[in-house]
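The values are calculated or read from the model by the stated rules, or taken from the named source; none is laboratory data. All figures in this text were calculated on a predicted structure; none of them were measured in a lab. Cβ: placed from backbone, ideal geometry, glycine included. Neighbour counts: every protein chain shown. These area figures cover heavy atoms from the full protein model, side chains too; ligands, DNA and RNA do not enter into them. Shrake-Rupley method; radii C 1.70, N 1.55, O 1.52, S 1.80 Å.
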Amino acid sequence: MTSTPAYRRLGVEERRHQLLEAALSLFAHRPPEDVSLDDVAEAAGVSRPLVYRYFPGGKQQLYEGALRSAAEELELCFDEPPVGPLPQRLSRALDRYLAFVDEHDAGFSALLQGGSVVETSRTTAIVDRVRRTAAEHILSHLGVAAPGPRLRMTVRMWITSVEAASLIWLDEDKQPPVDELRDWLVEQFAAALTVTAGRDPQTAAVVRDALGADTGN
């Protein structure tokens, strides 16, 4: 009888990545408190002691590692080359962001919005870094090196609205269609900038320079 090894030998970083991917896949569909180390070990095809070897802090350390992995992927969503009209750049960034939301489905809330019993100040900081990084990318696309409080607040409010819309979209069985949701979010950003422009000269200049060609102004 031929025996099958429990797992193949991997390098340290490769094994760690494998365990994080297994954990992220589970956290993507179940709340972290409902996922055990045995579940992660089974999903990765390894033993429970091996999971502890790489994550001696147990599930909390594994959850934070998976959250960092998800955060890094989300941060890259807004890392769009400065080529083409601003609405097209935002559309491409949102396509990647919403694809992540779609892939992780019901676990998006547990992964990025908190509400878990394993949430800590560290996990909150990880999520906040995603929001701030996304805002920095957006401000870079707007060509603003030193944003004032009104423009900065408008961008950060929009990032928050994208998160909220994503969660509602999941709750509404992914309706409207994702491309319609993407276009709607881009239009909301343009509208938010336009409203702020009425109160802030810096934002008015951004609307004129970054959106003028696309709005016919």
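Would you calculate, for the chain, the mean residue ellipticity at 222 nm contributed by helices, counting each DSSP H stretch of 4 or more residues as -39,500 (n - 2.57) and dividing by all residues, to the nearest 500?
-22000 deg cm²/dmol
Would you work out which of PRO176, VAL51, VAL83 lies farthest towards the positive end of the dipole of the chain? Charges go on Cβ: Lys and Arg +1, Asp and Glu -1.
VAL51
Accessible area of the chain with a 1.4 Å probe: how many percent of it is carbon plus sulfur?
Carbon with sulfur: 52 percent of the solvent-accessible area.
Taking 7 Å along the Cα-to-C-beta vector as the label spot, tell me the VAL83-GLU13 distance in nanometres, rounded to one decimal.
Rounded to a tenth, the inter-label distance reads 2.8 nm.
What do you get for the angle between helix 178-197 and the principal long axis of the chain? Use alpha-carbon atoms, 0 to 90 degrees, nearest ten.
Rounded to the nearest ten degrees, it is 50.
Extension gain ALA205-THR160, at 0.36 nm per residue separation less the Cα-Cα distance, in nm?
Result: 13.9 nm gained on full extension.
Assign unit charges at the C-beta atoms only (+1 for Lys and Arg, -1 for Asp and Glu), then state the dipole size of region 124-163 relative to its Cα centre in Debye, rounded to the nearest 20.
Dipole about the Cα centre, nearest 20: 100 debye.
Quick one: order TRP158, TRP184 from most to least accessible surface, probe 1.4 Å.
In descending accessible area the options line up as TRP184, TRP158.
Give the label of the value calculated from the structure for mean projected area of the Cα convex hull in nm², choosing from (i) 15.0; (ii) 10.0; (iii) 11.5.
Computed from the coordinates, mean projected area of the Cα convex hull in nm² corresponds to (i).
Apply the Karplus parameterisation 6.51 cos²θ - 1.76 cosθ + 1.60, with θ equal to phi minus 60°, to every residue of region 128-138 and state each ³J(HN,Hα) to the nearest whole Hz, in sequence, with x for glycine and proline.
3J(HN,Hα) across region 128-138, in whole Hz: 4, 5, 4, 5, 5, 5, 4, 5, 4, 4, 5.
Taking the Cα centre of the chain as the origin, how large is its charge dipole in debye, to the nearest 20, when only Lys and Arg (+1) and Asp and Glu (-1) carry charge on their Cβ atoms?
800
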